[in-house]
Structure formats: structure tokens, C-alpha cells
Amino acid sequence: MMRQQIVGILACLLVGAGAACGGPKQPKAAPVVQPEQELAKGMQLFRHGQFRKAQVVFQRLTFEFSVTQDELAQARYYVAECSFQLGDYVQAASDFRKVADEFSTTAYAPTALLRAGDSNLKLWHRPELDPSYGETALAIYQELAGRYPDSDAAGRARLHVRRLESQFAEKAYKTGVFYMRRKAFDSAIIYFKDVIANYPNAQRAPDALLRLVDSYRAIGYTQEVQETCEHLRRFYPNASRLQASCPAPSSPSTPT
């Protein structure tokens, strides 16, 4: 009898106390969640405005998908989008830029560039003092229009480009006028040329050319006056004050 008890105890030890001796059963392993299911969960959280929770899900998924899967681009994009919605525009700008560069052949690339520009615009709090964020946004929008000209994102970017070019042209033009009124014509010329060279499609471009004529005339640059007037007649024939600032050269009279 004693021998049978000893054999039973040894059997319990060998097989495992929980299974062979009637002990508590081991808990079942949690079911494995598929990345696609997690991605759907993250999107649902995002659509319901739970950006912090959604970002945690998307961040975790960046380690689940391979670089050949479009889902990785989607997860990375929405990590950036969550940062944008949470007001972390510096991080959003950086992450959107990476999505556009590292997943340039996916459908997320043009939209990521657009949002990178938008993030920089959000950071542009004092346009009159520091133009850097605005200039970066403008450059990104222009890049988007060049790289993905037929995308919906490029169409939206062109609207931003026109508005930003108008803002920068206006600022440079007013600075030029400021120097011109103080008879600092050399400085005024620099700013008027900046408008013409960098923002030729802005409404202020013909005005900058007219002011450039006035500045050249004030310091006696006759050749430059003539060349600038020719440029005005060629590219901005309907500019106001054109005839006053650049009267058409009179035709030589026919000898009798």
C-alpha cells in the first residue's frame, strides 16, 4: 500500500501537479489579435475623436506590418495625424514628412505632404516677425504640386500657395515702399526685386515693377528704367499707372 502511494506521488511530480493530481487548471492563453483587426480598432477610435488612444494603437502597429505592406504607411500616417489633432504640430510635421519620403509611391504620400505643410502653418504664429514656418509651408506645398500634380492634395496645396505668395509679396512690397519713402532706394530696389523674382504671379508683382521704375528713375539709372518698362509692357500690359510711369516711346516723325 505504501509503495503504491509513493508511486502515485512520483507520478504527480513527473507529469505536473496541476494536470495529474487534480490541481487547478492553467489559464488559457489570450487569443492572438490580428494586426488588421487592431488597425480597424485604431481607425474607429480616431473617427470618434479618441486621438490619444488611437495613437497608441497605431504606434504599436508600426512594429507589426512589414515595409512592403500599405498598412504600415497607413499606421505611420495616422500616428502623425493623431499628433496634429492633439496639437503637437512639431512632431506632426516631422512624421508627415517621413511618411511622404519613405512611402512616396503610396496613396498616403501626397496627403502627408499636404499635412506637413499644414503643420508648419499652424506653427506660424508671428508672420510679421519670423517667416520661417510660413516659408517652409510654402516650399512643401510647392513640392507637393510638383511631385503629385494630379492629386487632390495638390489642388488644395495650390490654394495655399496663392495665399502664401500673396502674403509674402505684400510684406516685401511694403518693406520696399518703407525704404523708398526714406529715399533709401538701394534697399527699396532689393525688396521690389524680391517680389518680382519670387512671387511673379502675386497681385503685387506689377506694383513692385512700377515702384522699381520710380526707384531707378530717382537715382538716375536710365538703362534700368527702360528695361523694367519693357518688362512691364510685355508681361503686365494692363497694370495701372503703366502709361504714367512708362510712357510709350514716341514714333519717329516721317520726314517731309
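The values are calculated or read from the model by the stated rules, or taken from the named source; none is laboratory data. Just so it is clear, the structure is predicted and the values come from calculations on it, not from any experiment. Positions of Cβ are generated from backbone atoms using ideal geometry, with glycine treated the same way; all protein chains shown enter the neighbour counts. In case anyone asks, the SASA skips ligands and DNA or RNA and just uses the protein heavy atoms, side chains included. Shrake-Rupley method; radii C 1.70, N 1.55, O 1.52, S 1.80 Å.
Label region 44-153 by shape, choosing from rounded, prolate and oblate, from the square roots a ≥ b ≥ c of the eigenvalues of the Cα gyration tensor; if a/c is under 1.5 it is rounded, and otherwise prolate applies when a/b is larger than b/c, oblate when it is not. Taking the square roots of the gyration eigenvalues as a ≥ b ≥ c, region 44-153 is oblate. Extension gain, Q59 to E170: 0.36 nm times the residue separation minus the Cα-Cα distance gives 35.7 nm.
In this rough spin-label picture, where each label sits 7 Å from Cα along the Cβ direction, the L123-Q223 distance is 4.5 nm. Run the accessible area of region 119-205 with a 1.4 Å probe and give the carbon-and-sulfur part as a rounded percent. Carbon-and-sulfur percentage of accessible area, whole number: 50.
Its relative contact order, with pairs defined as Cα atoms under 8 Å and 6+ residues apart, puts region 182-251 at 27 percent.
What relative contact order, as a whole-number percentage, does region 103-153 give when Cα pairs under 8 Å and 6 or more residues apart are counted?
Value for region 103-153: 40 percent.
For trypsin sites (Lys or Arg not before Pro), the sites in region 167-212 that DSSP calls loop and that have at most 12 other Cβ atoms within 10 Å are R182, K183.
Measuring against 24 Å, Cα to Cα, the residue pairs K98/K193; K53/K98; K122/K193 contain K98/K193; K122/K193 as the ones spanning a longer distance.
Give me the 1.4 Å probe accessible area per residue for region 53-183, excluding ligands and nucleic acids, in Å².
Dividing the accessible area of region 53-183 by its residue count gives 51 Å².
In summary, the convex hull built on the alpha carbon positions of region 106-177 has an orientation-averaged projected area of 4.6 nm². Hey, for a label at L159 modelled as a point 7 Å past Cα toward Cβ, could you say which residues of region 114-130 have their backbone N under 15 Å away? Within reach of a label on L159, which here means backbone N under 15 Å from a point 7 Å along Cα→Cβ, region 114-130 contributes 114-115, 118.
As a size descriptor, the averaged projected area of the C-alpha convex hull of region 123-256 was calculated at 11.3 nm².
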